[in-house]
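Each remark here refers to the structure printed beneath this line.
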Amino acid sequence: MFDDNTTTKNDLNKDMDRRSFLGLGAATAGGIILPSLIAPAAAANFKSGIISSGARRLAFRNAHTGESFSGVYRVGNKYLPDAFEQINRVLRDFRTNQVHPIDRRVIDIMYSVYRKTGSNEPFEVLSGYRSPKTNNMLRKNSSGVAKKSLHMEGKAVDLRLDSFSTKRLRDLAIGVKGGGVGYYSRSDFVHLDCGDVRNW
């Protein structure tokens, strides 16, 4: 599921100095960041998703299941397998209950957009992975669903941020230049994917 940059927790611990390790330990306790356990300098950066260890934190909630992810998914160039197990589960096709690996580039794009918002609230995700069966069903009911949707490869998410206009969210996402950005004003969500840089 991950490339050569992926390490086990033991490998990660060996690569990190004592301060970074302590910061990561606090950050990933139970999969949730605990600001009170982070050093004061790191706590100042907690709201922006950065911890002194170079960790990246993201929070989102599945609008259909109510399940959520909130925690560190990456430290430096190392992606955390345990975090992605949770991410894959939360972003599964809720209609078929199928779990599929979510491309880490999509999570990085979400992170970059989230940082630009300056928000402390989690994203609300309307769609992550879609099985071919689900995608075909949605195509029959909407002209806005692509036949070869990147959702079927775990390379796209549809989301919104309650306290942030989707139009503004779209503009920030386009500025990231990480992949595709779609704006669906009537349905009030923004599509992000890690395909070619484009927008509609």
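Checked against (1) assigned to a helix (DSSP H, G or I); (2) within 20 Å of SER68 (Cα to Cα), ASP158 passes all but condition (1). For the condition assigned by TED's automatic domain parsing to the domain that holds VAL197, at pLDDT 95 or above and part of a strand (DSSP E or B), VAL125 qualifies. Among residues belonging to segment 87-108 that are touching a residue at least 12 places away in the same chain (Cβ under 8 Å), over 25 Å from VAL197 (Cβ atoms) and surrounded by fewer than 18 Cβ atoms within 10 Å (Cβ to Cβ), point out the one that is nearest to the chain's Cα centre (by Cα). By that ranking, first place goes to ARG89. State the number of residues belonging to segment 168-200 that are part of a loop (DSSP other than H, G, I, E, B) and either touching a His at 6+ places or on another chain (Cβ under 8 Å) or of a type in the set (D, E, K, R) (or both). Here the count works out to 4. Considering VAL99, VAL145, VAL75, which residue is within 23 Å of SER185 (Cα to Cα) and either in contact with a Lys or Arg (Cβ under 7 Å, 6 or more places away or on another chain) or in the same structural domain as LEU58 (by TED's automatic domain parsing) (or both)? Only one candidate passes the filter, namely VAL145. Under the condition of being outside any helix (DSSP H, G or I) and surrounded by 15 or more Cβ atoms within 10 Å (Cβ to Cβ), the residues counted in segment 128-145 number 5. Of all the listed residues (GLY154, GLY178, GLY182), the sole one being surrounded by 18 or more Cβ atoms within 10 Å (Cβ to Cβ), in the same structural domain as SER119 (by TED's automatic domain parsing) and touching a Pro at 6+ places or on another chain (Cβ under 8 Å) is GLY154.
The values are calculated or read from the model by the stated rules, or taken from the named source; none is laboratory data. Computed from a predicted structure; not experimentally measured. Cβ atoms come from the backbone with ideal geometry, glycine included; neighbour counts cover every protein chain shown.
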